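One structure below.
Read the figures in this text as sums done on the coordinates, not as results from a lab. Predicted model only: the values in this text are computed from it and were never measured. Glycine gets a Cβ as well: all are built from the backbone with ideal geometry, and neighbour counts include every protein chain shown.
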Amino acid sequence: MIQVEHLTKHYGPVAAIQDVSFSVEKGEIVGFLGPNGAGKTTTMRILACFMPASAGTARVAGYDVFSQSLEVRRRTGYLPEHVPLYSEMPVAAYLDFVAEVKGVPRAGRKRRVAEVMERCLIADVGHRLVGRLSKGYRQRVGLAQALVNDPEVLVLDEPTIGLDPKQIIEIRSLIKSLAGQRTVILSTHILPEVSMICSRVIIINQGQIVAVDSPETLTARLSQSERIQVQVDGPPGAVLAELRRLPGVLAVDQKALVNGIGTFLVESARDRDVRRDLSRAVVGRGWGLLELRGIGMTLEDIFIRLVTEEQATTPAGDETPA
Ligand SMILES: Nc1ncnc2c1ncn2[C@@H]1O[C@H](COP(=O)(O)OP(=O)(O)OP(=O)(O)O)[C@@H](O)[C@H]1O
Ligand SMILES: [Mg+2]
């Protein structure tokens, strides 16, 4: 449904994105993840026909975003990073106007607008002026205008930004409910959001794609070590030294020290279970083993690792264990 090939965009001498390629299948919800300035908005603007690329091609619903932009626009809903809303118009009238511009037939337009207001949780503000709405409500109106023509493809640039926690949950489930029939690409900074609603994630950093995979596979593929959290009642310095001496342990960090009880994060090679040796050592020294549990890598750890590895470029000297 979306095919991006070797896309590059220069702003003057700056390459905002470079040789970006990926594809999104029909019915997929894909998360576009990257730090500030990574090139997410740039890519999405190109997909939504808001500006041309410097090189490469992008096709949406089978049409070229540059040479067949009208066809693409007709089939795409775009929520831009900064939603340009007509502040002097009431919400319902504004959505009706957008629907008209997007070619929604007059006959079904009113019903369509009412439907989309219901779905985007703005039915109660239909008569209010867009310019007087709070940021969160404006964001929801933005989402409603993207959905109003019932598009096949949705390009959503940070759809949950500025919403309160309750609305975030509702908007996420709204987006999730679109899976299957519609194809969605959304950008976000919020990592749990990606695991919650996306079947695949594209990680972009400094204008280049660094990983494309399902959140689960990414987590499994990139966690090269096991992590265990232990809480030990014993002299922290000695405990730290003892844990570091254990065979198979790659690194130990002291996370907290409360009332003389230290919490430590122990990292070991993935294929090596150090829990038995660890508990034996602690108990053998006469200390109290108050907690011992495995903790996985979070998507956040992986994201940071991918992004910082990219920046370091030289794998040698990397502190993370291979
Ligand atoms: N109009 C512009 N003129 C010049 N440089 C730009 C312009 N728009 C974006 N850039 C640059 O292009 C790069 C990518 O920006 P982009 O907005 O695509 O990033 P982003 O991933 O959306 O970031 P954020 O998470 O902050 O929204 C950045 O280095 C940015 O400074
Ligand atoms: Mg952006």
Cβ charges +1 (Lys, Arg) and -1 (Asp, Glu), total dipole of the range 224-296, debye: 100
Given charges at Cβ of Lys, Arg, Asp, Glu: the chain dipole, positive-most of Pro80, Tyr11, Ala211: Pro80
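Is the shape of the range 241-283 rounded, prolate or oblate, going by the alpha carbon gyration tensor and its root eigenvalues a ≥ b ≥ c, with a/c under 1.5 for rounded and a/b larger than b/c for prolate? It would help to have the intermediate numbers written out before the result.
Details: a/c = 2.36, a/b = 1.60, b/c = 1.47.
Prolate, because a/c is 1.5 or more and a/b exceeds b/c.
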C-alpha center-to-center spacing [the range 80-131, the range 136-192] in angstrom: 15
Residue with peak Gaussian network fluctuation, the chain [Cα springs, cutoff 10 Å], from Leu156, Leu47, Leu306: Leu306
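Among rounded, prolate and oblate, which fits the range 2-218 when a ≥ b ≥ c are the square roots of the eigenvalues of its C-alpha gyration tensor, a/c under 1.5 means rounded, and a/b larger than b/c means prolate? Mind dumping the intermediate values first?
Details: a/c = 1.71, a/b = 1.43, b/c = 1.20.
Judged from the Cα gyration tensor, the range 2-218 comes out prolate (a/c at least 1.5, a/b above b/c).
Given Cβ point charges of +1 (Lys, Arg) and -1 (Asp, Glu) and nothing else, what value in debye, to the nearest 20, does the dipole of the range 86-207 about its Cα centre take?
200
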Linear extension gain, Met51 paired with Ala251, 0.36 nm per residue minus alpha-carbon span: 67.2 nm
Unit charges on C-beta of K, R, D, E only; dipole of the range 2-218, Debye: 640
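Show me the GluC sites (Glu not before Pro) within the range 51-98 that DSSP assigns to loop and that have at most 11 other Cβ atoms within 10 Å of their Cβ.
Working: sites: Glu71, Glu81, Glu88; in loops: Glu81, Glu88.
Those that pass, being in a loop and sparsely packed, are Glu88.
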